[in-house]
Amino acid sequence: MHDGRAFDNPALVDLLTERIQNTRKENEGLKPCIDTRYWCETCGSHSHEENPKNGYCFVCNTDNWEPENYRNI
C-alpha cells in the first residue's frame, strides 16, 4: 500500500518513468542548482537538484518540493 506519494504508487510508475526520461532529455546541457533544504515528493529524489531556469525538480520536472526532515523520511 502506498502512502499517497507518486513514487510509491504502482499505478503511476509508468507515467513517472516516462516523465523522468523526457526530463533527462530536456535538461541536456543544463547544470542543476542544488538546494539541500528540499527533496522532491513526486519522484522521491533526494539529489536536491533543481532546474536553474524554473526551480523545478531536475529529475522529474515538477514543483513538488518537501522540506527535508518534514515528515522524518
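A protection proxy built from the mean count of other Cβ atoms within 10 Å ranks the segments 14-22, 42-50, most packed first, as 42-50, 14-22.
Under a model in which nothing but the beta-carbon of Lys, Arg (+1) and Asp, Glu (-1) is charged, the chain shows a dipole of about 160 debye around its Cα centre. Normalising the average separation of contacting C-alpha pairs (under 8 angstrom, six or more residues apart) by the number of residues puts the relative contact order of the range 6-67 at 32 percent. For THR36, put the label point 7 Å out on the Cα→Cβ axis and report which residues of the range 48-68 keep their amide N under 12 Å from it. Taking a point 7 Å out along Cα→Cβ of THR36, the residues of the range 48-68 whose backbone N falls under 12 Å are 48. Evaluated over the Cα positions of the chain, the convex hull gives a direction-averaged projected area, one quarter of its surface, of 4.8 nm².
For ILE34, what is the net charge nearby, where nearby means another residue's Cβ is under 14 Å from its Cβ and Lys, Arg count +1, Asp, Glu -1?
My count for the surroundings of ILE34 gives -2.
Any read-out appearing in this document is the output of simple, stated calculations on the displayed coordinates, not a laboratory observation. The shown structure was predicted, so the numbers you read here are calculated from the model rather than taken from an experiment. Here Cβ is always computed from backbone atoms with ideal geometry, including for glycine, and neighbour counts include all displayed protein chains.
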